[in-house]
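What follows is one structure encoded as structure tokens, with my remarks underneath.
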Amino acid sequence: MHLFITFEGGEGSGKSLQAKALYRKLCLLEISAILVHEPGSTPLGEKLTRLLKWGRATNISPAGELMLFNAARAQLVTEKIKPALESGKVVVCDRFADSTTVYQGYGRGLDIQGIKTINNIATGGLKPDLTILLDISVEEGFARKSGQEHDRFEKEDKDFHQKIQKGYLKLAKEEPERWLIIDASLSEEKIQQIIWQKVSELLSKRAGK
Ligand code: TMP
């Protein structure tokens, strides 16, 4: 019963927490699943993540970022995501191609159509069945991160992060059948409930096919 679920959201949205909670729920119900995170989750991806998030001494251009995120993605799709889907697993992925469209496109200002073409090459045309957007205001997201060390993206200014929030909402509106938008200021439990309602609906539909 393969199903590909991605989580998206700005800084401090709680998406990683929710992705983990969904993965744990699937495991508890003995539904075969994997949890992966972008960028990362492969040896190449981990090396690129260190550079992309923490490589302060290295100057990376927006186009360079686009290529490096997609290099990590191509590896993850080939090594983990496609094999898992082909063997009937549910794949829970914390960030995917939409992150590139939003961060490198709406955030850094690269051409959106060009990004979508490159994303498509990296993913081999693979699209999520469901994308969960945890929508949070920049102020609230950063309040949750106070006291933590900030990576290259978190160090960007408020205007950059506002473009990210708006960019996500724009993408979600373009494909409402794929996206589930959730107000990230709701309680953790309430968000888990909303997500599970949608995922269990999709799993039942797949099982009934
Ligand atoms: P995270 O581990 O907190 O999700 O951080 C990943 C950071 O990398 C986050 O700031 C968003 C950014 N990012 C991009 O800019 N483009 C991408 O394609 C991906 C996957 C992440």
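Taken together, the values in this text are just the output of simple stated rules run on the coordinates, not laboratory data. Note that the structure is predicted; figures quoted are calculated from it, not measured. A quick note on method: Cβ atoms are made from the backbone with ideal geometry, for glycine too, and the neighbour counts reach across all protein chains shown.
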* Please give the calculated 222 nm ellipticity per residue for the chain, where each DSSP H segment of at least 4 residues contributes -39500 (n - 2.57) and the sum is spread over every residue; nearest 500 deg cm²/dmol? => -16000 deg cm²/dmol
* Asked: Which angle between 0 and 90 degrees, to the nearest 10, do you get for helix 112-123 versus the longest principal axis of the chain when only C-alpha atoms count?
  -> 50
* Pairwise FRET efficiency - Glu189 versus Arg144, Cβ, R0 = 22 Å, nearest 0.05 -> 0.85
* **Across Lys15/Lys145; Lys15/Lys116; Lys20/Lys205; Lys145/Lys198; Lys166/Lys198, pairs whose alpha-carbon gap is larger than 20 Å** => Lys15/Lys116; Lys20/Lys205; Lys145/Lys198; Lys166/Lys198
* With each label point set 7 Å from Cα along the Cα-Cβ vector, what nm distance links Ala71 and Met1? -> 3.9
* Structure fact -> Per residue convex hull volume, Cα only, the chain, in Å³ is 120
* Asked: For Lys47, which lysines qualify as cross-link partners when the Cα separation must be under 19 Å and same-chain residues fewer than eight apart are set aside?
  -> Lys80
* Once the Cβ-Cβ distance between Leu29 and Lys170 is put in as r, and R0 is 35 Å, what FRET efficiency do you end up with, to the nearest 0.05? -> 0.50
* Asked: What length, rounded to one decimal in nm, is gained on full extension from Thr117 through to Asp159, with 0.36 nm per residue of separation minus their alpha-carbon distance?
  -> 12.5 nm
* To do: Arrange Phe153, Phe69, Phe7 by Cβ neighbour counts within 10 Å, fewest through most, would you?
  => Phe153, Phe69, Phe7
* Cα pair distances in segment 114-180, grouped into 5 Å bins until the bin that holds the longest one, percent each -> 3, 13, 18, 20, 19, 15, 9, 2
* Using Cα pairs closer than 8 Å and at least 6 residues apart in sequence, work out the relative contact order for the chain, in percent. => 33
* Separation of the Ser200 and Ser137 label points, Cα + 7 Å toward Cβ, nm -> 3.3
